[in-house]
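Working notes for the structure below.
The values are calculated or read from the model by the stated rules, or taken from the named source; none is laboratory data. These numbers come from a predicted model, not from an experiment. Positions of Cβ are generated from backbone atoms using ideal geometry, with glycine treated the same way; all protein chains shown enter the neighbour counts. SASA here: full protein model, heavy atoms, side chains in, ligands and nucleic acids out. Shrake-Rupley method; radii C 1.70, N 1.55, O 1.52, S 1.80 Å.
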Number of protein chains: 2
Amino acid sequence: MARGITLVESSRADHQKIAQALLAALLPETGKAVRLGLSGTPGVGKSTFIEAFGRLLTGKGLRVAVLAVDPSSARTGGSILGDKTRMELLARDPRAFIRPSPSGGTLGGVARRTREAMLLAEAAGYDVILVETVGVGQSETSVADMVDMFVLLLAPGGGDELQGIKRGIMELADLIVVNKADGDLAPAARRAQTEYQAALHLMRPKTAAWTPHVLLASALKGEGLDKVWEAAEAYRTALTKSGDLDRLRANQAKAWFWTELREGLIASLKTDPKAAALVPQLEREVGEGGTTPTAAARRLLGLVLGRAEEA
Amino acid sequence: MARGITLVESSRADHQKIAQALLAALLPETGKAVRLGLSGTPGVGKSTFIEAFGRLLTGKGLRVAVLAVDPSSARTGGSILGDKTRMELLARDPRAFIRPSPSGGTLGGVARRTREAMLLAEAAGYDVILVETVGVGQSETSVADMVDMFVLLLAPGGGDELQGIKRGIMELADLIVVNKADGDLAPAARRAQTEYQAALHLMRPKTAAWTPHVLLASALKGEGLDKVWEAAEAYRTALTKSGDLDRLRANQAKAWFWTELREGLIASLKTDPKAAALVPQLEREVGEGGTTPTAAARRLLGLVLGRAEEA
């Protein structure tokens, strides 16, 4: 499977051909795992949590794959996520598989490769796929778009949490887990749980089948992790019963299709030499107010599609 | 200006040619108005609010244009927004201009026409542009993407508010106004203000220059509206000073350019007879899990771009 994922991550045309054929052949074997997304800023204890949670699951006999979406890996050539040195025990667990984030040039490229790695892991029989992200740019939205349940991991408050949760993230969450709910931080953790619960209560749930809520956990002490898994199982049961899980996955697949289509069309535009030079110039003019966005887009479309006017 | 907006809204190629030329000529005259977005579900008192707020502004000698984004108008041929019968006094005000939502086939089409109408209104010298939306689909995001400040109008609570705010909307808001804060509902309004303020406090502000907060108002009694305008002015001052307003508008224009480009490419795909038939079929197969989204997209791209493989 690791070799399969390497093929999927490769940009080489010959590798891609095999990778896509592999995915097509294995597609009927996919879809069976529990797909969980996990987001948390540095300092919230994500590696400790994943290791402890992962070992809880392997202890139950489940096979767990840990993948990661980290767009910065495209720039630095390495990723802080999926770092096996921070999850040593899990990395050595025969029922676990940990893979660092792929590089991909863009968040879209990284997301696609991660989704495809997920399909391979499912076909290989993994029961739970955890996709982690660190909260850079739009990576949480990407991850939420490929998993069944999006879990937001937070610290009890104070310190870096004073800056607040990045906009748009709380509303992606199907479950919030306040970590480090032990020792001196226990009272702060309970207060944070109350505050986030109140905020969630103001928002309309995505489905009648599930009301997002807030759990307390201490990954370090191994507390509360069983409740997180219970919540994940309850979520899966409820959304399977209501039909929401099938609808969610179908919609995610279709949205992925449209994204690939759009990005493929834009990419082809950039291979057109006339267009490739014009895009950054037009984008700059638009930003400066020198031309309307519609006029700029139509000029480019006219050039590329060979039509003088788009109406 | 009304005739200009009619041209902009028309789908006819000849009208569009004139409209785009008009917009190009007027572009240097745009950008001077205060652009406010206003969202609120039915029952929150939006028409009453807009009328009262609009008249407060015209009373100060300002010229106010009220536009609307209502994607359902594409289907029903009419819109409940921009309904002059619900804002009679403002409709008769010589300093005000009210326009119902354009039809446009899609939310994207409606949004583009509204943005262009806004540019025309600015060139015509309107000081404040209010863009209202009723909360269907992604219309709030569309409106937030075209205005400087996004104002969320809420009812005090109970009744339809028990269902909560649609996910993603609270985080778009630069200002929340709890309406109907009068009489029997005043205590509920104050409680709602406290709750939403607490929720906002958990979220990271979009910019250091502005902290979103919650105001109370009674559009019926004309109370609190001056504070809403003060907040809008304070927001504009702060974001102009920090450079955030220019950055916001430049980014909005660029994003609009990319959206027009993508949608233009997708539209051209649909005029290709081979592709047009294949799109719904592939989308269905993808949703059912019969093919991977990447394979489906590449098949279509190969067909349309004439290349057998995309790597």
Degrees between helix A:107-123 axis and first principal axis of chain A (Cα, 0 to 90, nearest 10): 50 degrees
Hypothetical label at A:His201: residues of the stretch B:180-195 whose amide nitrogen lies under 16 Å (7 Å Cα-Cβ projection): B:188-195
Hz values of 3J(HN,Hα) by residue in the stretch A:251-259 - Karplus curve (6.51, -1.76, 1.60), Gly and Pro given as x: 5, 5, 5, 5, 5, 4, 4, 5, 4
Volume per residue that the Cα convex hull of the stretch B:200-294 spans, once the total is divided by residue count, Å³: 224 Å³
Length added when fully stretched, B:Lys32-B:Arg92, from 0.36 nm per residue minus Cα-Cα: 19.2 nm
Selection from B:Pro187, B:Leu220, B:Met146, by position along the positive dipole direction of chain B (Cβ): B:Met146
Residue-count net charge about A:Gly287 - beta-carbon cut-off 10 Å; Lys, Arg +1, Asp, Glu -1: 0
Cα gyration tensor shape for the protein assembly as shown, rounded if a/c is under 1.5, else prolate or oblate: oblate
Neighbourhood net charge (12 Å Cβ-Cβ; Lys/Arg +1, Asp/Glu -1) for B:Ala2: +1
Cβ neighbours within 10 Å from other chains - mean over B:192-202: 3
Separation in nanometres of the label points that stand 7 Å from Cα toward Cβ, at A:Lys270 and B:His213: 4.4 nm
Set of lysines near A:Lys254 by C-alpha distance (under 19 Å), chain-local residues within fewer than 8 positions excluded: A:Lys32, A:Lys206, B:Lys270
Alpha carbon Rg of the stretch A:29-242, scaled by the compact-globule rule 2.2 N^0.38 Å: 0.96
10 Å Cβ neighbours from other chains, averaged over peptide B:233-239: 0
Degrees between helix A:273-288 axis and first principal axis of chain A (Cα, 0 to 90, nearest 10): 70 degrees
Computed over the stretch B:1-133, the ratio Rg/Rh where both radii use C-alpha atoms and Rh is Kirkwood: 0.96
Highest-fluctuation residue, B:Gly157, B:Gly59, B:Gly109 considered, GNM on chain B with Cα pairs under 10 Å: B:Gly59
Per-selection Rg to Rh, the stretch B:81-187 - Cα, Kirkwood hydrodynamic radius: 0.99
Spatially proximal lysines relative to A:Lys221 (Cα-Cα < 19 Å; intrachain offsets below 8 disregarded): A:Lys46, A:Lys60, A:Lys180
Inter-copy spacing of B:Gly164 label points, which lie 7 Å from Cα along Cα→Cβ, given in nm from shortest upward: 2.0
Label spacing, shortest first and in nm, from B:His15 to its equivalents in the remaining copies (7 angstrom along Cα→Cβ): 5.2
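How many square angstrom of accessible surface are buried between A and B, both sides summed, with a 1.4 Å probe and rounding to 100?
In total, this chain pair buries about 6100 Å².
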Position A:Ala276, label points 7 Å along Cα→Cβ, spacing to each other copy in nm (shortest first, one decimal): 3.2
Residues whose placed amide H lies under 5 Å from that of A:Leu154, excluding near-sequence neighbours: A:Val177, A:Val178, A:Asn179
